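Below you'll find the structure, written out as structure tokens, and then a few comments.
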Amino acid sequence: MRWYTRRRSRTVCLSLAIASLSLHLLLAILSRSVYQNPCDAPSPRQTHLHTLRALVDTNYTSRMLDNHASYAKIPPDTRKVDSSHMDSNGPQKLAEKDAVTTKMAVKVGHGRKEEGPVDSLNMTVRVGKFGSMGMKPMGSGMSKLEALFSHPLYNMPTPPIHEDDWLLKVKPKGKARETSTQMWVSDSDIGDDSAHWNRSSDSHPPWLRFHLGISRWQLYPHLDPNMASLAHQLSTHRIVSAVQKSGGTQLKLVMSFPNYGQAMLKPMKQERDEETNFNLYYFSDFERHNAEIAAFHLDRVLGYRRIPPAVGRLVDVVTEIKDITTDHKLARTFFTSPVNNVCFYGQCSYYCSTEHAVCGRPQNLEASLAMMLPDPSLATRRTWRSPWKRSYSRSKLAVWEKDPDYCDTVKTTPPYNKGTRLVDLIDMTILDFLMGNMDRHHYETFEKFGNNTFLLHLDNGRAFGRHSKDEPSILTPLEQCCRIRRSTLLHLRLLSLPQYRLSDVMRDSLSHDPLFSVAPLLSELHLSALDRRLVTVLQTVSRCQERQRSRHGEGDDVIYEDVTDYKTLVKHVTPAR
């Protein structure tokens, strides 16, 4: 009996072993067949080009109105993002919400979004705690800013830059050093005949690499690898000197670093969500530190790259200004407020008094630091009066405000009668309208390049003052002249799409700034205003095209072709389906 029981147990164990082995073999066969099945994602280039093709010939104005209306219907808590309450699934939830918005909005390129890896964008070195505010397109590991900057429209091939098209000349290797006040020379370099400057050297300080990278066409290249180290310098490097910049209506300081770099400081004067008083005239408004920072980001997002890099920073009013300044006039204006905050007001035409003092909390002061351009002794700049300058009077109107055909006169006046100067100015007009800047009375260019160069978009402190009101008069140059670059229009159309929405891209970009750890640089109301104003710009272009068609049978005269190879690029590519 005992032998029979033992034999039966062996039989059962052997059966279980055979069954287990068979199951393992079956699972291995199934796993191999699944592993060998192709699982390729759609080509990022194809999906991008599909979007590009739609952007060429589509009339966006009516569709953008539907898009903006659908976006406005989404509950506020869906649109507003608070990084302090975002958990690890935040980007996924935001992407799901964005997918709902996409279905409601315009159908461009069948709503397909790009997939696949791309190089990560690091606009700045993050200082302190930063939240990732960038919503990510469905099926992609990229934020919207990364997806936008990897789009072919931002990466179109450009011709090589000739030596004469660089703003500053560099010293070749091996050439003997010449004694000159117009060269960047540190104490350690004196007597070193083998020293040389070149545009690719990592040994140069970030500010020098920025200066050497300025060309006839832009201040810095797209995805500039120097941008991270430059932002890091502006936001963290030790400040060795602080003096007040002469001229201007409001207080601003020139800050110097140990490596001879300099930056323009504009202090915080009002809270981010505080709107400009409606009873104030545009020329009576305060300059805002966050406006300078946001203007740099918006200029970069639009593909202009005509505003010097600007970064936020918490500055110690005592150790980084008062104790190190050699400006005796500035030093005399420091005082301690009744609540023990350290304040100062400097000397300027307006808003430099104890009533308009800038105060730390108690010593920390929020400020924007913008990279200084090369000294005028090295690169002379020419100042131009804007043809659409306002009267700066409480009762008097400018000529362009009274004459609807004013642009006809401008078009026949140098330098607007040839070249790109007129469309360059309209580019600046669109930037100003999007951020609500009414204070563009002059602009500058580098004299070396004559009339064939870009415009510098400087002094943007009075932007982003009101989110609740759009100022249509800012768009008058576009409305009267009916002229716009093809590339500018394509960028605007791209930023109107749900997967690249302007407000989302700006939110993502601004979240990389050091001051984001204190509070978002722009409120959600200001970000929403960007989307609303973008609709208005596209409407204005469509009205211009319709007006041209009614007069001449076609609306092509509105578009200044600066991307002639664009249609050829798209034409021979089969869009992804």
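The values are calculated or read from the model by the stated rules, or taken from the named source; none is laboratory data. All figures in this text were calculated on a predicted structure; none of them were measured in a lab. Positions of Cβ are backbone-derived with ideal geometry, glycine not excepted, and every protein chain shown enters the neighbour counts. Areas reflect the complete protein model, heavy atoms only, side chains present, ligands, DNA and RNA absent. Shrake-Rupley method; radii C 1.70, N 1.55, O 1.52, S 1.80 Å.
For this structure, a couple of remarks:
- Enumeration of residues in segment 201-237 that are open to solvent by 10 Å² or more (accessible area, probe 1.4 Å), touching a helix residue (DSSP H, G or I) at 6+ places or on another chain (Cβ under 6 Å) and over 23 Å from Gly312 (Cβ atoms): Arg216
- Some residue of segment 298-314 being more than 30 Å from Thr488 (Cβ to Cβ) and either in contact with a helix residue (DSSP H, G or I) (Cβ under 7 Å, 6 or more places away or on another chain) or among the polar types (S, T, N, Q) (or both): yes
- Strands (runs of 3 or more DSSP E) lying entirely in segment 189-275 (those with 3 or more residues that are of a type in the set (Lys, Arg) and either modelled with pLDDT of 95 or more or outside the structural domain of Arg305 (by the TED database) (or both)): none
- For segment 514-534, filtered to residues that are of a type in the set (A, V, I, L, M) and surrounded by 22 or more Cβ atoms within 10 Å (Cβ to Cβ), the residue that is farthest from Leu434 (Cα to Cα) is Leu515.
- Filter result for the condition that a residue is among the aromatic types (Phe, Trp, Tyr) and open to solvent by 30 Å² or more (accessible area, probe 1.4 Å), over Phe344, Phe335, Phe296: Phe335
- Filter result (out of contact with any strand residue (DSSP E or B) (no Cβ under 7 Å at 6 or more places or on another chain) and free of Cβ contacts under 8 Å to residues at least 60 places away in the same chain) within segment 150-168: Pro157, Thr158, Pro159, Pro160, His162, Glu163, Asp164
Residues checked against (1) under 14 Å from the mean Cα position of the chain (by Cα); (2) at pLDDT 95 or above:
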site: Gly461; (1), (2): no, no
site: Leu475; (1), (2): no, yes
site: His491; (1), (2): yes, yes
site: Ser496; (1), (2): no, yes
site: Gln499; (1), (2): no, no
site: Leu502; (1), (2): yes, yes
site: Arg507; (1), (2): yes, yes
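- Sole exception among (1) surrounded by fewer than 15 Cβ atoms within 10 Å (Cβ to Cβ); (2) over 17 Å from Thr488 (Cβ atoms); (3) at pLDDT below 90 for Asp565, by number: (2)
- Every pair of residues 6+ apart whose Cβ atoms lie under 8 Å, when the first sits in segment 468-483 and is closer than 13 Å to Val423 by Cα and not assigned by the TED database to the domain that holds Asp432 while the second is acidic (Asp, Glu) and open to solvent by less than 20 Å² (accessible area, probe 1.4 Å): none
- Test result for Leu492, open to solvent by less than 10 Å² (accessible area, probe 1.4 Å), of a type in the set (A, V, I, L, M) and touching a Lys or Arg at 6+ places or on another chain (Cβ under 6 Å): no
- For segment 400-441, the tally of residues that are more than 29 Å from His467 (Cα to Cα), open to solvent by 60 Å² or more (accessible area, probe 1.4 Å) and among the basic types (Lys, Arg) stands at 2.
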